[in-house]
Amino acid sequence: IRAFGLMNILMRGGLEMDVGAVRRIGMAVVRLTALPGISEALCVSGLGMWIFKMDFFLALAFGFILAAVSPAVVVGGMFDLQSRGYGVDKGIPSFVVAAASFDDVVAISGFSMFIGLASGTGDVLMEALHGPINIIAGVLFGFLGAGVLSLTKIWNTREKRSFMTLILGTAFTFAAKKAHFAGAGALACLVMASCANQFWSRGIGGRLSMGPDEHVAHEVERDLCTVWRVGAEPLLFSVIGSALDFKQTDPGTIPKAIGLVAGAVIVRCVAAFFSTCAAGLTGKERIFIALAWMPKATVQAALGPVPLDMLKDSFPRSDDPVLYDKQVQQGVEILTTAVISILLTAPVGLLVIQWLGPAWLQRDNGNDVTKLDIVDEVAAES
């Protein structure tokens, strides 16, 4: 359920990504993707070792769990601003959506690498190669999936295209997870959706393409949005809620977790502000992006329970009850902090996007908005 929910939101981001706007902004996307997340991961890992007495690799895995921005909040909020024309002229919504999607790939890859080392079963060389393998495999399989989706004479109805997109995304996600390369699956979904958008709009696909159609990607995104609202979203957050048992939580953990989240968010927002230097944005636009970069939800819901499950299964309690109880307590602390990060940052981040976006971003009433009319209709219907 957690993997399916993350796959859905990443593919939605790829389908609505304005590649031209991302290219114009260039290296700012790379900086916003890497700098805030890695800075926050290092901050959280340091605080985790100090506050919760975690081991080095477990603390780094913890850091990358919290370091991911929530595509469920950010992508949805940016879609709404884009459909109303705010920031479209400078490509701000597409810029943020692209960076948010790749940010999650970085976080998942970092988590996968360090959780293997934290478990004590990972080979150091293999774990070091984990990131490059995730990137190469994700891009290759993403292009492959997009090539399959471009054959619109085979997938000649909206329902077939949406169904096939879900099938391929699900296959990539769970195959990669089975092979312990979850980052590759996430990246493959994002690349596939983004490239399929380009292939459909340009009619790429050879003799098996029905020709260019700019509306296909919006139609598929609309169907994925329905799947998200009806099934994936409520199930995803129900799973993490059911995994948290307050009976096992030390009352002192909650204030510690709140302080850790607050410190991490401050570091993240400052890093996000400086990441947008030389991007041609005003001061208010840069502050808006920095504040909109705080929400946490999807990745924390997907990865938060993983360390606890891993630590419970690491060895029988009868072998060393003291060490076992300590590790389980640290897993509970990670899960508790992940839940608190969602409760604190997701509502605030959404309010920032909804209130400050229209106030601080320039509105464009030109043709750039009209091609997103179908997304606007979706928002109105929902």
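A compact table of results
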item	result
Failed item, numbered, when Val267 is tested on (1) at pLDDT 95 or above; (2) open to solvent by less than 40 Å² (accessible area, probe 1.4 Å)	(2)
The range 274-295: number of residues that are within 24 Å of Leu350 (Cβ to Cβ) and open to solvent by less than 60 Å² (accessible area, probe 1.4 Å)	15
Flag if Phe56 is more than 18 Å from the chain's Cα centre (by Cα) and open to solvent by 10 Å² or more (accessible area, probe 1.4 Å)	yes
Condition met for Phe95 (in a helix (DSSP H, G or I), of a type outside the set (A, V, I, L, M) and open to solvent by 30 Å² or more (accessible area, probe 1.4 Å))	no
Selection count, the range 142-171, where residues are within 16 Å of Arg222 (Cβ to Cβ), β-branched (Val, Ile, Thr) and either surrounded by fewer than 16 Cβ atoms within 10 Å (Cβ to Cβ) or touching a strand residue (DSSP E or B) at 6+ places or on another chain (Cβ under 8 Å) (or both)	1
Segments classed as helices (runs of 4 or more DSSP H), wholly inside the range 105-219, with at least 1 members that are within 26 Å of Ala338 (Cβ to Cβ) and among the polar types (S, T, N, Q)	130-149, 158-178
Odd one out for Gly48, checked against (1) open to solvent by 10 Å² or more (accessible area, probe 1.4 Å); (2) touching a helix residue (DSSP H, G or I) at 6+ places or on another chain (Cβ under 7 Å); (3) at pLDDT 95 or above	(1)
Unique match (being within 17 Å of Ile353 (Cβ to Cβ) and either at pLDDT below 80 or in contact with a Ser or Thr (Cβ under 8 Å, 6 or more places away or on another chain) (or both)) among Pro93, Pro71	Pro71
Selection status of Gly37, under 23 Å from Leu117 (Cα atoms), open to solvent by less than 30 Å² (accessible area, probe 1.4 Å) and modelled with pLDDT of 80 or more	yes
Contacts under 6 angstrom Cβ, first residue in the range 120-137 being modelled with pLDDT under 70, partner in a helix (DSSP H, G or I), 6 or more apart	Gly122/Gly116; Glu127/Met113; Glu127/Gly116; Glu127/Leu117
Neighbours by Cβ (under 8 Å, 6+ apart or cross-chain): first from the range 39-58, farther than 28 Å from Ser275 by Cα; second of a type in the set (D, E, K, R)	Ile51/Lys256; Phe52/Lys256; Phe52/Glu333
Subset of the range 96-117 (residues that are modelled with pLDDT under 80 and farther than 30 Å from Phe288 by Cβ)	Ser112, Met113, Gly116, Leu117
Members of the range 59-76 found to be within 19 Å of Glu233 (Cα to Cα), open to solvent by less than 10 Å² (accessible area, probe 1.4 Å), of a type outside the set (A, V, I, L, M, F, W, C) and in a helix (DSSP H, G or I), listed by number	Pro71
Residue match in the range 157-167 (condition: over 18 Å from the mean Cα position of the chain (by Cα) and among the small types (Gly, Ala, Ser))	yes
Selected residue (criterion: modelled with the lowest pLDDT) from residues of the range 289-303 that are closer than 22 Å to Ala232 by Cβ and part of a loop (DSSP other than H, G, I, E, B)	Ala297
Pairs with Cβ under 6 Å, 6+ apart, first in the range 270-299 and under 21 Å from Thr337 (Cβ atoms) and of a type in the set (D, E, K, R), second modelled with pLDDT under 90 and outside any helix (DSSP H, G or I)	Lys296/Ser70
Scan of the range 193-247 for residues that are open to solvent by 50 Å² or more (accessible area, probe 1.4 Å) and on the phi > 0 side of the Ramachandran plot, ordered by number	Gly206
Scan of the range 304-318 for residues that are under 22 Å from Ile340 (Cα atoms) and in a loop (DSSP other than H, G, I, E, B), ordered by number	Gly304, Pro305
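The values are calculated or read from the model by the stated rules, or taken from the named source; none is laboratory data. A quick note: this is a predicted structure, and the numbers were derived from the prediction, not measured. A quick note on method: Cβ atoms are made from the backbone with ideal geometry, for glycine too, and the neighbour counts reach across all protein chains shown. Heads up: the accessible areas ignore ligands, DNA and RNA and are worked out on the full protein's heavy atoms, side chains in. Shrake-Rupley method; radii C 1.70, N 1.55, O 1.52, S 1.80 Å.
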